[in-house]
Amino acid sequence: MKLNWGKGIALVYGLFAASMLAFALNTTKYDVGLVKKDYYEDDINYQTHYVKMQNARALKTDLKVTLDSLGDFIVLSFPTDLPSPTGKILLFRPSQTGTDVDIDIKPDANSRVEVPTQSLKAGLWKIKVDWKAADKDYYKEQSLVIAH
């Protein structure tokens, strides 16, 4: 078989089309579960979210998110100068869908909330705290690594 220009060009285009088809079929294997379904709405509401973050940065005493000494609890220490915070705590695991935990903020007398870590898988977690106190909205996000 003699290879001429016409056959060479047809061979290159054929290989290109086959590689594009293989690439397209390969992309269907990836999980897109980590993509939010309502990201357009989140983008529109980002200014409100940004104001909440600015309010949190402007506090005299910052919200502290830590692990206790044994790693059994995530401890959220709210500023004591803010009266009775209310809102939500979202424990978000970026590497796996379906493991997120949503908790209502119910502080104790010391303005602390303790979240047990026994039911959480080991690894990186993002703690997203969206709360309201003294007629202002606040938001803070922090990453923690939980090891069992």
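Quick note: the coordinates plus some simple rules give every number you see, no bench work behind them. Owing to the predicted nature of the structure, the values given are computational and were not obtained by experimental measurement. Cβ atoms come from the backbone with ideal geometry, glycine included; neighbour counts cover every protein chain shown.
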For the chain, calculated [θ]222 nm from helices alone, where every DSSP H run of n ≥ 4 adds -39500 (n - 2.57):
-9000 deg cm²/dmol
Each residue of region 80-88 in order: what ³J(HN,Hα) in whole Hz does its phi give by Karplus 6.51 cos²θ - 1.76 cosθ + 1.60, θ = phi - 60°, with x for Gly and Pro?
6, 7, 9, x, 5, x, 10, x, 10
With +1 on the Cβ of every Lys and Arg and -1 on the Cβ of every Asp and Glu, and nothing else charged, how large is the dipole of region 10-148 about its Cα centre, in debye rounded to the nearest 20?
220
Nonlocal amide H pairs with Asp100, under 5 Å, H built at 1.01 Å:
Arg93
Candidates Tyr30, Tyr13, Tyr50, ranked by Gaussian network fluctuation over the chain, Cα under 10 Å, top entry:
Tyr13
Going down the list Lys88/Lys126; Lys37/Lys64; Lys88/Lys136, which pairs span over 21 Å between their C-alpha atoms?
Lys37/Lys64
Using the alpha-carbon atoms, what tilt in degrees (0 to 90, nearest 10) does helix 46-57 show relative to the longest principal axis of the chain?
40
Taking the Cα atoms only, what angle lies between the long axis of helix 5-27 and the longest principal axis of the chain, rounded to 10 degrees?
30
Given the options Lys37, Lys29, Lys88, which has the most mean-square fluctuation in a GNM of the chain, springs set between C-alpha atoms less than 10 angstrom apart?
Lys29
Which residue, Asn26, Asn45, Asn55, has the most motion in a Gaussian network model of the chain that connects Cα atoms within less than 10 Å?
Asn26
Cut-off under 5 Å, modelled amide H: who pairs with Ile105 long-range
Gly87, Lys88, Ile89
Along the charge dipole of the chain, pointing to its positive end and built from +1/-1 on Cβ of Lys, Arg, Asp and Glu, which listed residue (Ser95, Ile74, Thr27) has its Cα farthest out?
Thr27
